[in-house]
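The structure appears right after this line, and notes come after that.
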Amino acid sequence: MTTHPDSLDQPLELLRQVNPLREVPATAGLDETLGEVARAITRRPYATRSSPRTRRRVSRPRLRIALAVGGVALLLGGVATAAVALHAHTGVFAGGPDVQPGGPGENLNLAAPDFRSAALKLSADIPYPSGYASWRDFVLTDQSPGPGVATPNDQVTTGALRGWFAASALCAWVQDWRQAVREGNSAEAQQAASTIAAAPSWSAVSAEDPNPSPSARNDPNAESGTLFGWMLPYRSAVLSGDSARVDQMLASGYGDGKCWLSDPQWMSELHANAGLSKLSPRDLARHYEQFLARERS
């Protein structure tokens, strides 16, 4: 079908004729959008072009074609830019003060619809014990505000993200070991102990803390120890079979409360009982002991 260039009643057909991507089938929604662009183009006043020698009017057909092509390019370019902005992987590896928390690796966009799937793929090598799938999921539920709440400025590095999962997984294995010991399941207890023994050397840990130490200086006003130094006392207690020591560390929230924060059942109880936030650290630890006895005796 051929349409006269001066025809104003079929602007969409004009766009199709000059669109370099016309071989790509257009959807109904795109047809409507492009039609609106074309109609806006044909309603605009005609431009002129000057040169030192002559001043001539640009012909209407040529102007419409040029503007139509430009409109398609801008439209498609805008769609492409939006798609890139909404991907979890940003391709930026600079970290920086605006990325919370810091850490090595690529900056990830927490507002992206694919952030969850990207995070789970990045952490797939970090093991969790059987029956603790909710703990892995809770890392994202608790730490990430998610699409619709997060903004494109809310970012986290891949290193820090993997660190979240590593801390959660270690706590899950400690709980699994504790439960297996109480049930007399020596095979499961041994598997948990072997995993806990290897945890400080996980790549997710060493990337942020190559030399974990429970006694070295950490961030100001935080517990002593390096970022993952808190893992080592748990490991020592487990490998020595000291379940009483494990219980005491869990109840006191040793490790800046990481094993409390990683436990979805405990955090659910805290959120459901606002009065618990008013308890002293000692009383809250006692309540957690009761929680462990009730939920995981």
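Kindly report the accessible area of the range 89-296 per residue (heavy atoms of protein chains, probe 1.4 Å, no ligands, DNA or RNA), in Å².
Solvent-accessible surface per residue comes out at 49 Å².
Carbon and sulfur: what percent of the range 89-296's accessible surface (1.4 Å probe)?
C and S atoms contribute 52 percent here.
Tell me the label-point distance for the pair SER240, VAL149, using the 7 Å Cα-to-Cβ offset, in nm and rounded to one decimal.
4.0
If Lys and Arg each add +1 and Asp and Glu each add -1, what is the summed charge of the other residues whose beta carbon sits under 13 Å from the beta carbon of HIS271?
Net local charge, HIS271 excluded: -3.
The values are calculated or read from the model by the stated rules, or taken from the named source; none is laboratory data. Here the structure is a predicted model, which is why all the values come from computation and not from measurement. In this analysis, Cβ positions are derived from the backbone assuming ideal geometry, glycine residues included, and neighbour counts consider all displayed protein chains. These accessible areas exclude ligands, DNA and RNA; they are computed on the full protein's heavy atoms, side chains included. Shrake-Rupley method; radii C 1.70, N 1.55, O 1.52, S 1.80 Å.
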